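Notes follow once the structure below has been shown.
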There are 2 protein chains.
Amino acid sequence: MAGTEDNTRERLLDQAERLFSEKGFAAVSVREITNASQCNLAAVNYHFGGKQKLYLAVFKERWAKRAQKLQKSFIQALAGKQQPDLEEVISAMARAFLEGPLTDSERRNHIQLMQRELSNPGQAMGMIVQQVMRPFIQNLVSMIRPCLSREVEDERLRIYVLSMLGVVLYFFLARPAVSGILNQEYDQRFKSELVSHITAFCLNGMQALNQER
Amino acid sequence: MAGTEDNTRERLLDQAERLFSEKGFAAVSVREITNASQCNLAAVNYHFGGKQKLYLAVFKERWAKRAQKLQKSFIQALAGKQQPDLEEVISAMARAFLEGPLTDSERRNHIQLMQRELSNPGQAMGMIVQQVMRPFIQNLVSMIRPCLSREVEDERLRIYVLSMLGVVLYFFLARPAVSGILNQEYDQRFKSELVSHITAFCLNGMQALNQER
DNA sequence: TTGACATTCAAACGTTTGTTTAATACATAT
DNA sequence: ATATGTATTAAACAAACGTTTGAATGTCAA
């Protein structure tokens, strides 16, 4: 070999990510993946050692990097501002998930894959929580704390951050249902409308932290 | 026959609901269901006509009734009050989902089953949206509208209601992840803490509707 | 050219899948 | 008792599943 780009392996990861995110692990067959990747059936076992290990490889080699990219774009959006206010933080978070650095299909794959693993914990869940979600939430917590007018315990603040993430992710997750209920397509116009709605809703929601308990 | 209670059919629906909600449609085999139901393999085809039709029967004969029960308990909680204020409406909604009339396992099955269908639309999705979600959301909209200090278009109000539902459902959905991140068990104490948090967060969030655009 | 290595391929492996079949058991009505 | 319709059973079905195999490629160094 030499500078072999191992194209088959990459194609397998591409299609596996897409299909697993669309249908879930059990509903996708190895033959479906290899057909979509235009390679031989045995390629999955040759390159990854089995279907289950391919699923894990998708998370380790694709999902984790997307998550980093997403968080980088969030941090980037707030760079330069010494002390971003609450609205800027929330808007940057919503934007990272809804309009961030990923393409539309990348975004859909990414979030649906995460959701499947979070609500149906498999072998990748530990990695997601510890290496991605925990740091990201702690990051948000430390950016939000200076914006508040009173002291708040870490745990209470984390629940509020989770609530905001819940709003953002749910609009994504239940996308087909949301479209059906609102009679709205998920086009660019609707997405930026969503960002400003979410920002307003969460910005006000966080004000509960500034009130007496 | 006569007053045959058709016990096998009921057991099949019970176990199918549990297993489908825990693992998803594709990951559950007919043999797994019939073993858990302590009946013969052919019973699924005899009573329902196939695995797919059993899945639909779970939604029609079990899920839909649970959803009605849930909405009834929400309406009941607000009965008597001629003009419930916003906090009462929101708190009743959160309580209906988190502490409502269902047992813990019923609740988990119910919400996870809905979520699977909403993010992975199958044949039951249309029924869920049109017969359950749309009416429930419209119900919430008409209860919330009188609480606002300014006129708001229907569509804008619906987005806000969806946001509140998002918060509630996400805390349920990502339950394993939430527990992992907060180091909290989902016991009774934490649930009622969640209800008051969600109420506070959403109550403030809805205030955005009372502000200038 | 030869040898060694990495990759692809068609074919087959043994299981498990959803579904069907035909026989049996059981209750009720005639 | 006999007939009738419902429910359950063990056994078998073809199809699809994940995985393995061994031969056929292609590639680069010696």
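Note: the range B:59-210, Cα convex hull, 114 Å³ per residue.
If each DSSP helix of 4+ residues adds -39,500 (n - 2.57) and the sum is divided by the residues in chain B, what number results at 222 nm, nearest 500 deg cm²/dmol? Walk me through the numbers before you get to the answer.
Details: 11 runs with 138 residues, N = 213.
Mean residue ellipticity at 222 nm (helix-derived): -20500 deg cm²/dmol.
Between copies, B:Glu99 shows label-point distances of 4.0 nm, shortest first, with the point placed 7 angstrom from Cα along Cα to C-beta.
What is the magnitude of the charge dipole of the range A:59-210 about its Cα centre, with +1 placed on the Cβ of each Lys and Arg, -1 on the Cβ of each Asp and Glu, and no other charges, expressed in debye to the nearest 20?
Working: 19 positive and 15 negative charges, 94 e Å.
In debye, rounded to 20, the range A:59-210 gives about 460.
Residues B:His47, A:His110, ordered by accessible area of protein heavy atoms at a 1.4 angstrom probe radius and largest first, appear as B:His47, A:His110. Spin-label model, A:Gln68/B:Asn35: points 7 Å from Cα along the beta carbon direction are separated by 4.2 nm. Take each residue of peptide B:115-127, count the partner chain Cβ atoms within 10 Å of its Cβ, and average: the result is 4.
With a 1.4 Å probe and all protein chains in place, put B:Arg156, A:Arg31 in order of accessible area, largest first.
Output order, biggest surface exposure first: A:Arg31, B:Arg156.
Along the range A:63-71 the Karplus relation, 6.51 cos²θ - 1.76 cosθ + 1.60 evaluated at θ = phi - 60°, assigns HN-Hα couplings of 4, 4, 5, 4, 4, 4, 4, 5, 6 Hz to successive residues, with x for each Gly and Pro. Selection among B:Gln52, B:Asn35, B:Leu140 by position relative to the dipole of the protein assembly as shown gives B:Asn35 as farthest towards the positive end (Cβ unit charges, Cα centre).
With label points defined 7 Å past Cα in the direction of Cβ, position B:Ser142 shows copy-to-copy spacings of 5.1 nm, given to one decimal and shortest first. Across peptide B:129-139, the average count of Cβ atoms from other chains found within 10 Å of a residue's Cβ is 2. Largest accessible area first, the listed residues B:Arg107, A:Arg158, A:Arg150 line up as A:Arg150, A:Arg158, B:Arg107 when surface is computed with a 1.4 Å probe on the assembled protein chains. Buried between B and A is an accessible area of approximately 4100 Å², summed over both sides with a 1.4 Å probe. With the highest mean first, a sort of the peptides A:167-174, B:53-60 on other beta-carbon atoms found within 10 angstrom per residue produces A:167-174, B:53-60. Here A:Gln188 yields copy-to-copy label distances, from shortest upward, of 5.4 nm, the label point defined as 7 Å from Cα along Cα to C-beta. Compared with its chain on its own, the range A:147-168 contains the following residues whose accessible area drops by 50 Å² or more in the full protein assembly (probe 1.4 Å; ligands, DNA and RNA excluded): A:Glu155, A:Ile159, A:Leu162, A:Ser163.
Computed with a 1.4 Å probe over protein heavy atoms only, the accessible area of B:Asp6 comes to about 60 Å².
Can you tell me which of A:37-46, A:94-103 comes out highest on packing, and rank the rest after it, using the mean Cβ neighbours within 10 Å? Walk me through the intermediate numbers first.
On the way: A:37-46: 14.8, A:94-103: 18.6.
Listed from highest to lowest mean packing, they are A:94-103, A:37-46.
Top mean-square fluctuation among B:Arg108, B:Arg189, B:Arg18, Gaussian network model of chain B, C-alpha springs under 10 Å? With Cα springs under 10 Å in chain B, the top fluctuation among B:Arg108, B:Arg189, B:Arg18 is at B:Arg189. Semi-axes of the equivalent ellipsoid of the range B:33-143 are 33, 15, 11 Å, computed as sqrt(5λ) over the eigenvalues of the C-alpha gyration tensor in descending order. Ligands, DNA and RNA aside, B:Phe25 has an accessible area near 60 Å² when probed at 1.4 Å.
Coupling constants for the range A:93-98 follow from the phi torsions by the Karplus curve (6.51 cos²θ - 1.76 cosθ + 1.60, θ = phi - 60°), and in residue order they are 5, 4, 5, 4, 7, 9 Hz; glycine and proline get x. The phi torsions of the range B:134-149, fed into the Karplus equation with coefficients 6.51, -1.76 and 1.60 and a -60° offset, translate into couplings of 4, x, 5, 5, 5, 4, 4, 4, 6, 7, 7, 3, x, 7, 8, 8 Hz, rounded to whole numbers, with Gly and Pro shown as x.
Taking Lys and Arg as +1 and Asp and Glu as -1, the other residues whose beta-carbon sits under 13 Å from that of B:Pro135 total +3. Across the cross-link table entries A:Lys60/B:Lys53; A:Lys53/B:Lys191; B:Lys65/B:Lys191; B:Lys23/B:Lys191; A:Lys191/B:Lys72, which are compared at the Cα atoms, the separations over 26 Å belong to A:Lys60/B:Lys53; A:Lys53/B:Lys191; A:Lys191/B:Lys72.
The values are calculated or read from the model by the stated rules, or taken from the named source; none is laboratory data. Owing to the predicted nature of the structure, the values given are computational and were not obtained by experimental measurement. Glycine also receives a Cβ, built like all others from the backbone with ideal geometry; neighbour counts cover every protein chain displayed. Areas reflect the complete protein model, heavy atoms only, side chains present, ligands, DNA and RNA absent. Shrake-Rupley method; radii C 1.70, N 1.55, O 1.52, S 1.80 Å.
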